[in-house]
1. For K25, list the aspartates and glutamates whose Cα falls under 14 Å from its own Cα; do not include residues on the same chain fewer than 8 positions away.
2. By counting other Cβ atoms within 10 Å of each Cβ, how are T171, T166 ranked from fewest to most?
3. Under 13 Å from the Cβ of K44, count the other residues' Cβ atoms, weight Lys and Arg +1, Asp and Glu -1, and hand me the total.
4. What net charge do the residues around A192 carry, taking every other residue with its C-beta under 14 Å from that of A192, with Lys and Arg at +1 and Asp and Glu at -1?
5. Which of the listed residues, P123, A281, C212, is farthest toward the dipole's positive end in the chain, when Lys, Arg count +1 and Asp, Glu count -1 at the beta-carbon?
6. Contact order normalised by length for the chain, with contacts defined as Cα pairs under 8 Å and 6 or more residues apart; what percent is it?
7. Using the count of nearby Cβ atoms within 10 Å as a rough guide to exposure, how do C214, C289 rank from fewest to most?
8. Remind me, relative contact order of the stretch 166-266 in percent, using alpha carbon pairs under 8 angstrom and six or more residues apart?
Amino acid sequence: MPLYELGLGSEKVHVILDIGAYHTKVGFAGESAPRHIIRSQNIKRSDQVVDICDPKLTKDELYEELSTFVHTIYFRYLLVNPKDRKVVVCENFVQRDVFRFTLADVLFKQFSVVAVMMTPALPLALTPLGVSTGVVLNIGHTESSVIAVYEGMIIMKSFKYVDLGTVSHLTAIQEIIAKTGEVQVGENKKKASEIYGELSMSQLEDIRARVCFCGERPPELEDTSYAESGSATKHRAVHMDYPMPDGHHLIIGGNIRERSVEVLYDGDGEDNSIATILLDALLECPLDCRTQLANSILVTGGGSMLAGFTHRLKQELLALLKLERYSTLPLKTLKFFKPPYYPNIMTWVGGSVVGSVEHLHDRYTSKEHYLATGPASLPEWACLRPVLRESTPPTPLRRSSSHMRDYQPSPILGK
């Protein structure tokens, strides 16, 4: 537990949870880094692995898995009593409603936490920077998303996402290795697919972290006919040997090291890529805000931690601005924030800052209020109404059937 909790009479430090599709960050408010980063999964006695964010889980299965997962967080990693502390949950924009409500059920009914505040994950990443204006692009495990914030106000129409993330990059690495990968066996070389078949996810992640990087934008992409031909782009990287558990060495070609990440820029088949969604988000912003937002871009998420990622992204954005599609974006410069922390924990650090602010106590949903009104009483993240008042609780905003939540104007906080 934090050392500054040893004083008598002080309120227990809040717990910060950032539950992602692949990793979960847990820790305490007021700290500069999470205590632990763990996989978002449970391991059964039969060695069966269950991902807690698996959309195939039913509500009852999800409740059971989340109960086990939260129990592990409190009693194996944080080693604190959940009944003594408030919880700040960094909520994913595209997370299922059933996940949100089930997590609240588990926290309040199973672990009797004092209060919970669910806050949007993307805007939280700007909090450690101390700025109120910016565009946040998050490269996640399964998808990438972007949203614009201007003077502390979220521009709802600017939210965009695409199903391209770290998994897409790992899949591209696997496909290239299966086609052209070779293994050094003594003095001979054999096809990697004949010896190893498909590599495990952990091996692909290790290859990505050890040898992959983002090179310069391929100059041949300027030629439209070359881009449409589907030919492989050239690379400058040299091959590297990756040691395998059996003692052999897998030869990682320069095309894998430098060009496998191009899958994030090639798009999802509908002309959407991590670069286009950022420019599309700017198009949804008011005209007088676009220049300032374009000079306040923050890239977060574990998928952005490759060397040269921001530089490659900027090159792609500048190339796209020349297209007719973005002729209404006469931007001359694009500037990026340099994150003060690792990109994969920026959201958690933002939650840590919010959890340490005392005057946000009316943004929490108390246990008594939740048990009296049920899951539907959880306020929307866009709702500015306080939730701990003794008066009649506000009617929650309805959600649409799509990933996005309906936005409705709310009264100013405190009125």
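Please treat every number below as a calculation from the coordinates, not as lab data. These numbers were taken from a predicted model, which means no experiment stands behind them. Because the Cβ atoms are built from the backbone with ideal geometry, glycine has one as well, and the counts that use them run over all protein chains shown.
1. The qualifying aspartates and glutamates are E91.
2. Values: T171 13, T166 25.
Ordered from fewest to most neighbouring Cβ atoms within 10 Å, T171, T166 come out as T171, T166.
3. Details: positive: R45; negative: D47, D51, E61, E64, E65.
That works out to -4.
4. Working: positive: K179, K189, K190, K191; negative: E175, E182, E194, E198, D241, D246.
Net of charged neighbours comes to -2.
5. It is P123, whose Cα lies furthest towards the positive end.
6. On the way: 718 pairs, mean separation 76.9, N = 415.
So the answer I get is 19 percent.
7. Details: C214 22, C289 16.
Fewest-to-most ranking of C214, C289: C289, C214.
8. Working: 118 pairs, mean separation 35.3, N = 101.
Computed over the stretch 166-266, the figure is 35 percent.
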